[in-house]
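For reference, the structure discussed in these notes is given below.
The values are calculated or read from the model by the stated rules, or taken from the named source; none is laboratory data. All values derive from a computational prediction rather than experimental measurement. Note that each Cβ is placed from the backbone with ideal geometry, even for glycine, and that neighbours are counted across all protein chains shown. Just so you know, the surface numbers come from the protein's heavy atoms only, side chains and all, with ligands and any DNA or RNA stripped out. Shrake-Rupley method; radii C 1.70, N 1.55, O 1.52, S 1.80 Å.
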Amino acid sequence: MALKAPKGTKDIMPSDSGKWQYIEEKFAEICREYGFGEIRTPMFESTDLFNRGVGETTDIVQKEMYTFEDHGHRSITLKPEGTSPAVRAFIESKEYAESQPTRYWYNTPCFRYEKPQAGRLREFHQFGVEIFGSHSVTADAEIIALAHDFLTRMGITDVELHINSVGCRECRPVYKKALQDFLRPHLHQLCETCQSRFETNPMRILDCKSEEDQKIVKDAPVMLDYLCDDCRKAFEELKEMLTAMDIPFVVDDKIVRGLDYYTKTAFEFVSTRIGAQGTVCGGGRYDHLIEEVGGPDMPGVGFGLGKERLLMLMEQNGHQFGGTTAPELFIAYIGKEAKLFSMGLLSKLRTSGIRAVVDANDRNLKGQMKYANKIGAAYTVVIGDDEVSSGMLTLKDMETGKQTSVATEDLISHIRN
């Protein structure tokens with residue numbers, strides 16, 4: 001029986017990898033423009049990092065993490081998100097002692113055990129950005145602007161920016177009590193998961209996907225009505241900044257995000273084109289995460305953007321990714337002397353930056369030309385004894401069939417032109 005990839009994972013084959021390389025290059029480019037430096041963190045971390053950072057009451061920690069004990073009897077977890085590892089690296093490297101803010105971006109796989117669906121796998125891939133060390137709403141606006149600009153450059157026009165404020169340590173307890181008072185008469189009607197959230201994290205009930213639970217919370221009090229003066233001022237300032245930058249937005253009081261560390265700003269870029277998993281990018285502010293993970297009292301703000309969902313939207317929008325792995329030139333040969341000549345020519349072509357391929361199966365000429373057509377070579381040349389002795393090659397355009405006589409020393413410049 002043939003082995004298959006584990007459920008919830010997907011191979012990225014050469015026919016698709018060019019698309020991934022394209023968006024990765026574009027994201028790195030825009031992050032550099034915004035002044036962010038790349039950070040690369042390990043694939044796995046101490047489980048305690050996510051328990052403390054993501055929050056023990058979240059679905060991620062309770063149900064979705066890939067956790068195991070290593071040979072040293074340490075509890076290790078494949079990272080389910082990118083922010084906590086970036087915070088840990090920031091603290092461990094003592095970059096908090098430098099002039100702030102610090103700007104990171106990353107491109108990483110993440111792992112969560114959940115039901116695979118369109119745009120969400122158990123091994124999925126994220127772009128992310130973080131700004132550490134700024135209390136200013138300017139940092140929130142910068143993060144959102146980067147995501148907006150990137151999605152625009154990728155041709156994504158059918159997304160809406162939804163924003164909310166989830167309050168802070170001062171105003172959230174007041175709201176929590178009001179929400180619990182509203183939900184208490186309906187507690188027995190909520191799903192089992194939401195009943196378990198009632199005491200520890202009732203705001204997560206607002207984000208439940210159950211239709212019955214959504215009917216119950218439809219008229220629930222909203223956090224925006226309970227914001228303290230500082231949170232209300234910050235939210236109004238954010239709206240003013242987004243308006244000044246011509247970034248349209250919708251105030252969505254049901255956004256709470258799935259991680260415990262968020263404070264004040266929470267946002268999502270939402271699409272209705274990719275089914276139930278409509279959030280392409282989401283993030284917000286987390287003013288206490290760095291301290292909770294063991295660092296100084298320092299704020300942060302950031303987002304994560306799912307690469308699988310981004311690619312789905314780009315394909316649905318008919319985006320032209322550009323780039324190809326198809327060779328510009330395929331060299332067919334007849335005989336041993338021609339083969340050696342072809343190998344030398346191949347080396348020169350590649351050194352000059354031309355994508356060139358030669359047959360690696362010692363097929364006859366007909367088989368070589370058939371293979372050249374299969375791999376989509378733009379041009380072919382056939383080299384035999386006459387071509388070796390004369391130094392003249394016949395270059396064939398595989399699309400038009402046109403043939404051109406070219407001297408060996410002019411082949412590189414001819415292909416480039």
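Brief remarks follow.
- Summing Cβ point charges (Lys, Arg +1; Asp, Glu -1) relative to the Cα centre of the range 329-416 gives a dipole of roughly 380 debye.
- Between Tyr379 and Leu329, Phe330, Met398, the built amide H atoms are under 5 Å apart, and every one of these is 5 or more places off in sequence or on another chain.
- Using C-alpha pairs under 8 Å with a sequence gap of at least 6, the mean separation divided by the residue count of the range 198-326 gives a relative contact order of 16 percent.
- For the range 327-341 versus the range 372-411, the gap between their alpha-carbon centres in whole angstrom: 10 Å
- Spin-label zone in the range 112-127 - amide nitrogen under 16 Å from a point set 7 Å from the Cα of Ser196 along the C-beta vector: 113-115
- Computed extension gain for Thr138 through Lys177, at 0.36 nm per residue and net of the alpha carbon distance, reaches 10.9 nm.
- Label-to-label distance, nm, for residues given as Ile375 and Thr351 (7 Å Cα→Cβ offset): 2.1 nm
- The GluC sites (Glu not before Pro) of the range 1-57 meeting both criteria, a DSSP state outside H, G, I, E and B (loop) and at most 14 other C-beta atoms within 10 angstrom of the site's C-beta, are Glu56.
- Estimated inter-spin distance, Asp297 and Gln214, nm [label 7 Å along Cα→Cβ]: 4.1 nm
- As a length-normalised measure over Cα pairs under 8 Å and 6 or more apart, the relative contact order of the chain settles at 16 percent.
- Sum of -39500 (n - 2.57) over DSSP H runs of 4+, divided by residues of the chain (222 nm, nearest 500): -11000 deg cm²/dmol
- Förster radius 30 Å - calculated FRET efficiency between Ala118 and Ala28 (Cβ-Cβ, nearest 0.05): 0.70
- Percent of Cα-Cα distances greater than 24 Å, calculated over the range 329-416: 8 percent
- Fluctuation leader among Ile91, Ile334, Ile23 - the chain, Gaussian network, Cα springs under 10 angstrom: Ile334
- Residue with peak Gaussian network fluctuation, the chain [Cα springs, cutoff 10 Å], from Met154, Met298, Met398: Met398
- Listed residues Val406, Val280, Val54, most fluctuating in the chain (Gaussian network, C-alpha, under 10 Å): Val406
- Both numbers refer to the Cα atoms of the range 143-244; Rg and Dmax are 16.7, 48 Å.
- Using a cutoff of 8 angstrom between alpha carbon atoms and counting only pairs six or more residues apart, the relative contact order for the range 329-416 works out to 32 percent.
- Distances between placed amide hydrogens fall under 5 Å for Lys264 paired with Val166, Gly167, Cys168, all partners being 5 or more residues away or on another chain.
- Förster-model FRET efficiency, 56 Å R0, Thr394 and Thr272, C-beta, rounded to 0.05: 0.55
- Taken one residue at a time, the phi angles of the range 103-119 give Karplus couplings (6.51, -1.76, 1.60, θ = phi - 60°) of 10, 10, 9, 8, 9, 8, x, 10, 9, 9, 8, 8, 5, x, 7, 4, x Hz. Gly and Pro are set to x.
- Apolar share of the accessible surface for the chain: 50 percent from carbon plus sulfur atoms, 1.4 Å probe.
- Rounded to the nearest 20 debye, the dipole size of the chain about its Cα centre is 1240 debye, using +1 on the Cβ of Lys and Arg and -1 on the Cβ of Asp and Glu.
- These residues, His125, His414, go from largest to smallest accessible area, 1.4 Å probe, as His414, His125.
- In the context of the full set of protein chains, the chain has a per residue accessible area of 50 Å² (1.4 Å probe).
- Remark: accessible surface ordering of Thr408, Thr200 (largest first) is Thr200, Thr408, probe radius 1.4 Å.
- Between Lys7 and Asn364, the simple label model (points 7 Å from Cα in the Cβ direction) yields a spacing of 5.0 nm.
- Förster radius 41 Å - calculated FRET efficiency between Ser413 and Trp20 (Cβ-Cβ, nearest 0.05): 0.80
- ³J(HN,Hα), Karplus 6.51/-1.76/1.60, whole Hz, each residue of the range 248-256, x for Gly, Pro: x, 8, 10, 7, 10, 6, 9, 6, 10
- The range 335-417: GluC sites (Glu not before Pro) in DSSP coil with no more than 16 other Cβ atoms inside 10 Å: Glu399
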